[in-house]
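Data first, discussion second: the structure below is written as structure tokens.
The values are calculated or read from the model by the stated rules, or taken from the named source; none is laboratory data. Keep in mind that what you see is a predicted model, and the values were worked out from it rather than measured. When we count neighbours, we look across all protein chains shown, and the Cβ atoms used for this are built from the backbone with ideal geometry, even at glycine.
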Amino acid sequence: MQLKRNPLIKNLLGNYEFYLMLLPVIAYFIIFKYIPMYGVLIAFKDFNIFKGIWNSDWVGLEVFREVFRDKTFWRALTNTLRLNLLSLIVNFPAPIILALLMNEIRAEKFKRVVQSISYMPHFISWVILYGIMLTFLNKNTGLINVFLKNIGLEQINFLTEKKWWIIVYLGSAIWKEVGWSTIIYLAALTSIDPTLYEAAIVDGAGRFRCMWHVTLPGIKSTIIIMLILRVGQTMSIGFEQPFLLGNAKVMDIAEVLSTYIYKMGIINARFSFTTAVGLFQSVVNFILLFIVNSVARALGEQDLWGGKKIEG
């Protein structure tokens, strides 16, 4: 009589090649993502590098009280939220629009050229891009200001005037990432049934109406998932861009949490302080992610786990 095998064991034995291929990924996340999480204890201790994490004195929430009393922290937090919300409004729709426009291109060679050109800035570091921007935006020698001077117009301090700095910040992010971000939307577009376009054309819809009534609804779930992930990073912001573009004249709006943590943690060696700031960021991001995901599910849209609200 043959013994019945556990379904889980049967699945493991039947697909062991795939699970073996998955082992390096699992090991990566355990070693570099989960094991270092014990380091958040530093936020609750008066950390001393000579005593180590376990032997440092426990201070509870005192470090967090110190963080919340710091005016510079609130300024960095405000600037982070401002820049992220502006990026959500301006930068988030950009790859969607570009993907829709690319989808309408019928000449395949031209489409590939446009894709390649739009992807390239993603592979260039922010340091090099900052040098390129200086070539164009410098007050005295930048190509744009030289052109404005030659035609008799006033030169613009793109990198030292606050309103222009924000425009440069948002514009440079679009320039660098818009092409790369379109990849996922272009992939989603391939799943749309071509017969839907044929039916729409038969009903008299033009290209714009097809785009509005067929293409956008076809990638709506992808847009919502990307929006949920983007909102879940509202408290986080990249380091290189604000650090390179920032200067003393715009520090009131350019000082964000990532540069603040760098100055307090690396330069001033306040490890407990910056760990507390990082933990605060992560907790708030998780709460925002959970809230937006729950709202999407409540509205009947697909959430991060592929589920939808069940009616009735």
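Is there a residue in the range 94-108 that is without any contact (Cβ under 8 Å) to a residue 24 or more places away in the chain, within 27 Å of ALA254 (Cα to Cα), surrounded by 12 or more Cβ atoms within 10 Å (Cβ to Cβ) and more than 21 Å from the chain's Cα centre (by Cα)?
The initial filter retains those residues of the range 94-108 that are without any contact (Cβ under 8 Å) to a residue 24 or more places away in the chain, namely 97, 101, 105-108.
If we keep only those that are within 27 Å of ALA254 (Cα to Cα) too, we end up with none.
Within the range 94-108, none of the residues are without any contact (Cβ under 8 Å) to a residue 24 or more places away in the chain, within 27 Å of ALA254 (Cα to Cα), surrounded by 12 or more Cβ atoms within 10 Å (Cβ to Cβ) and more than 21 Å from the chain's Cα centre (by Cα).
Only one residue in THR259, THR222 is under 22 Å from the mean Cα position of the chain (by Cα), surrounded by 13 or more Cβ atoms within 10 Å (Cβ to Cβ) and farther than 30 Å from PHE158 by Cβ. Which one?
Working: THR259 fails: farther than 30 Å from PHE158 by Cβ.
So the residue among THR259, THR222 that is under 22 Å from the mean Cα position of the chain (by Cα), surrounded by 13 or more Cβ atoms within 10 Å (Cβ to Cβ) and farther than 30 Å from PHE158 by Cβ is THR222.
Within the range 223-240, can one find any residue that is among the polar types (S, T, N, Q), out of contact with any Pro (no Cβ under 6 Å at 6 or more places or on another chain), touching a residue at least 60 places away in the same chain (Cβ under 8 Å) and over 30 Å from SER56 (Cβ atoms)?
Within the range 223-240, one or more residues are among the polar types (S, T, N, Q), out of contact with any Pro (no Cβ under 6 Å at 6 or more places or on another chain), touching a residue at least 60 places away in the same chain (Cβ under 8 Å) and over 30 Å from SER56 (Cβ atoms).
Pick from the range 140-151 the residues that are in contact with a helix residue (DSSP H, G or I) (Cβ under 6 Å, 6 or more places away or on another chain) and not β-branched (Val, Ile, Thr): which of them is surrounded by the fewest Cβ atoms within 10 Å (Cβ to Cβ)? Show your work before the answer.
Residues of the range 140-151 that are in contact with a helix residue (DSSP H, G or I) (Cβ under 6 Å, 6 or more places away or on another chain), as a first pass: 142-144.
Those left that are additionally not β-branched (Val, Ile, Thr): 142-143.
On the way: GLY142: 19, LEU143: 11.
Per the criteria, the residue is LEU143.
Considering only the range 135-155, I want to know if a residue exists there that is in a helix (DSSP H, G or I) and in contact (Cβ under 8 Å) with a residue 60 or more places away in the chain. Spell out the reasoning first.
At the first step, the residues of the range 135-155 found to be in a helix (DSSP H, G or I) are 135-137, 143-150.
Right, trim to in contact (Cβ under 8 Å) with a residue 60 or more places away in the chain and you get none.
The answer is no, given that none of the residues of the range 135-155 is in a helix (DSSP H, G or I) and in contact (Cβ under 8 Å) with a residue 60 or more places away in the chain.
Of the residues that sit in the range 76-93 and are of a type outside the set (A, V, I, L, M) and out of contact with any helix residue (DSSP H, G or I) (no Cβ under 7 Å at 6 or more places or on another chain), which one is surrounded by the most Cβ atoms within 10 Å (Cβ to Cβ)?
Restricting attention to the range 76-93, the residues satisfying the condition of being of a type outside the set (A, V, I, L, M) are 78-80, 82, 84, 87, 91-93.
Subset that is out of contact with any helix residue (DSSP H, G or I) (no Cβ under 7 Å at 6 or more places or on another chain): 78, 82, 84, 93.
Working: THR78: 14, ARG82: 13, ASN84: 19, PRO93: 11.
For the range 76-93, the residue satisfying everything is ASN84.
Note down all Cβ pairs under 6 Å where the first residue falls in the range 289-312 and is surrounded by 13 or more Cβ atoms within 10 Å (Cβ to Cβ), the second is among the acidic types (Asp, Glu) and modelled with pLDDT under 70, and they're at least six residues apart or on different chains.
So the pair list comes out as ASN293/ASP303; ALA296/ASP303; ARG297/ASP303.
Considering every residue within the range 171-187, establish whether at least one is of a type in the set (S, T, N, Q) and surrounded by fewer than 17 Cβ atoms within 10 Å (Cβ to Cβ). Working first, answer last.
Of all residues in the range 171-187, those of a type in the set (S, T, N, Q) come to 172, 181-182.
Narrowing further to those that are surrounded by fewer than 17 Cβ atoms within 10 Å (Cβ to Cβ): none.
Looking for residues that are of a type in the set (S, T, N, Q) and surrounded by fewer than 17 Cβ atoms within 10 Å (Cβ to Cβ), one finds none in the range 171-187, hence no.
Would it be correct to say that ILE132 is in contact with a Leu (Cβ under 7 Å, 6 or more places away or on another chain), among the β-branched types (Val, Ile, Thr), without any contact (Cβ under 8 Å) to a residue 60 or more places away in the chain and surrounded by 12 or more Cβ atoms within 10 Å (Cβ to Cβ)? Give the steps one after another, and end with the answer.
Details: in contact with a Leu (Cβ under 7 Å, 6 or more places away or on another chain): no; among the β-branched types (Val, Ile, Thr): yes; without any contact (Cβ under 8 Å) to a residue 60 or more places away in the chain: yes; surrounded by 12 or more Cβ atoms within 10 Å (Cβ to Cβ): yes.
Considered against the rule, which asks whether it is in contact with a Leu (Cβ under 7 Å, 6 or more places away or on another chain), among the β-branched types (Val, Ile, Thr), without any contact (Cβ under 8 Å) to a residue 60 or more places away in the chain and surrounded by 12 or more Cβ atoms within 10 Å (Cβ to Cβ), ILE132 comes out as no.
Checking the structure you have, find out if any residue of the range 53-73 is of a type in the set (A, V, I, L, M), surrounded by 15 or more Cβ atoms within 10 Å (Cβ to Cβ) and within 28 Å of VAL292 (Cα to Cα).
yes
Hey, does the range 9-30 have a residue that's in contact with a Ser or Thr (Cβ under 8 Å, 6 or more places away or on another chain) and either in contact (Cβ under 8 Å) with a residue 40 or more places away in the chain or surrounded by 11 or more Cβ atoms within 10 Å (Cβ to Cβ) (or both)? Walk me through it before giving the result.
First, the residues of the range 9-30 that are in contact with a Ser or Thr (Cβ under 8 Å, 6 or more places away or on another chain): none.
Checked against the condition, which is being in contact with a Ser or Thr (Cβ under 8 Å, 6 or more places away or on another chain) and either in contact (Cβ under 8 Å) with a residue 40 or more places away in the chain or surrounded by 11 or more Cβ atoms within 10 Å (Cβ to Cβ) (or both), the range 9-30 yields no hits at all.
What about THR182, is it touching a Pro at 6+ places or on another chain (Cβ under 6 Å) and closer than 22 Å to HIS122 by Cα?
Yes; evaluated as a whole, the condition is true for this residue.
Please tell me if ILE266 is buried (at least 16 other Cβ atoms within 10 Å of the Cβ), out of contact with any helix residue (DSSP H, G or I) (no Cβ under 7 Å at 6 or more places or on another chain), over 21 Å from TYR169 (Cα atoms) and modelled with pLDDT under 90. Spell out the reasoning first.
On the way: buried (at least 16 other Cβ atoms within 10 Å of the Cβ): no; out of contact with any helix residue (DSSP H, G or I) (no Cβ under 7 Å at 6 or more places or on another chain): yes; over 21 Å from TYR169 (Cα atoms): yes; modelled with pLDDT under 90: yes.
The answer is no for ILE266.
Which one is nearest to ILE253 (Cα to Cα) among residues in the range 160-202 that are among the acidic types (Asp, Glu) and outside any helix (DSSP H, G or I)? Before the answer, list the steps.
Kept after step one, since they are among the acidic types (Asp, Glu), are these residues of the range 160-202: 161, 177, 193, 198.
Remaining after also requiring outside any helix (DSSP H, G or I): 161, 193.
Working: GLU161: 10, ASP193: 46 Å.
Result: GLU161.
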